[in-house]
Each structure stands twice: as C-alpha cells, then as structure tokens.
1. Quick one: in the range 1-26, which of the residues that are aliphatic (A, V, I, L, M) and either closer than 20 Å to Val71 by Cβ or in contact with a Phe, Trp or Tyr (Cβ under 9 Å, 6 or more places away or on another chain) (or both) is modelled with the highest pLDDT?
2. Which one of the conditions (1) surrounded by 13 or more Cβ atoms within 10 Å (Cβ to Cβ); (2) of a type outside the set (S, T, N, Q); (3) modelled with pLDDT under 90; (4) within 17 Å of the chain's Cα centre (by Cα) does Ile55 fail to meet, given that it meets all the rest?
3. Which members of the range 58-81 meet the condition of being in a loop (DSSP other than H, G, I, E, B) and loosely packed, with under 13 Cβ neighbours inside 10 Å?
4. Since Arg99 meets every condition but one in (1) at pLDDT below 90; (2) touching a Phe, Trp or Tyr at 6+ places or on another chain (Cβ under 9 Å); (3) farther than 22 Å from Gly13 by Cβ, which condition does it not meet?
5. Which of the residues spanning the range 31-61 are in contact with a helix residue (DSSP H, G or I) (Cβ under 6 Å, 6 or more places away or on another chain) and in contact (Cβ under 8 Å) with a residue 24 or more places away in the chain?
6. Looking at the range 82-90, is at least one residue loosely packed, with under 14 Cβ neighbours inside 10 Å, out of contact with any strand residue (DSSP E or B) (no Cβ under 9 Å at 6 or more places or on another chain) and either part of a loop (DSSP other than H, G, I, E, B) or touching a residue at least 40 places away in the same chain (Cβ under 8 Å) (or both)?
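The values are calculated or read from the model by the stated rules, or taken from the named source; none is laboratory data. Predicted model, so just to flag it, every value in this text is computed and none were measured. Heads up, the Cβs are rebuilt from the backbone with ideal geometry, glycines too, and the neighbour counts pull from every protein chain shown.
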Amino acid sequence: MTPATTTTSPSRGYSATKDQLQNRLRRIEGQVRGIQGMVEDDRWCPDILQQIAAIQAALNKVALGVADGHVQHCMAEGTEERRAEMTDELMQALGRLVR
C-alpha cells in the first residue's frame, strides 16, 4: 500500500480571508446577473448605471483587500531582493487596475 500524498496550496495573502472574499465575489456575481435582468426588462438607464457603480465599488474593495494581503503577507515575508521585484509587480497590477 502506498502512502497517501496530500498537496497543499501555497499560502496567499488572501488565504486567511478566502471565505469572505469568495462570499463577496458571489454577491458581485449576483449583482451582475441583476443588471442583466435590468437590461432584459428595459429598465431606466440611470438605474442600471447606479448598479454598475455599486459593482465597481465592490470590485475595488476586493482589489484593495487582495493588494493589502499581498503587501502584508507575501511582500513582508520575501527577501529584500524579491521584495523589490514584488513591488514592481504590484505597482504594474495596480496601474492596470486604475486605468
């Protein structure tokens, strides 16, 4: 009989709050489906735009939480050389986020 092997996922900055993150993303997914229904029902444009703004705000909150986890966990534990590289990667990702 061979011993059972288990593979563990790498720990990420958001790992401690993964359940909260997934719940928030599911709520956002529901909001997007709601907008699809609003378009299907020919709802008033400002109402749709208001819902889009709410989704964007929710996604921004998710993004900030992921970025914070990366800084607090991944970057804090990295070597000095690796931290500089991770800082560049993070800044590029944030730049894409705010475009």
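1. Leu21
2. It fails just one condition, (3).
3. Thr79, the sole residue that qualifies.
4. Evaluating Arg99 over (1) at pLDDT below 90; (2) touching a Phe, Trp or Tyr at 6+ places or on another chain (Cβ under 9 Å); (3) farther than 22 Å from Gly13 by Cβ leaves (2) as the failure.
5. Those that are in contact with a helix residue (DSSP H, G or I) (Cβ under 6 Å, 6 or more places away or on another chain) and in contact (Cβ under 8 Å) with a residue 24 or more places away in the chain: Gln31, Ile55, Ala58.
6. no
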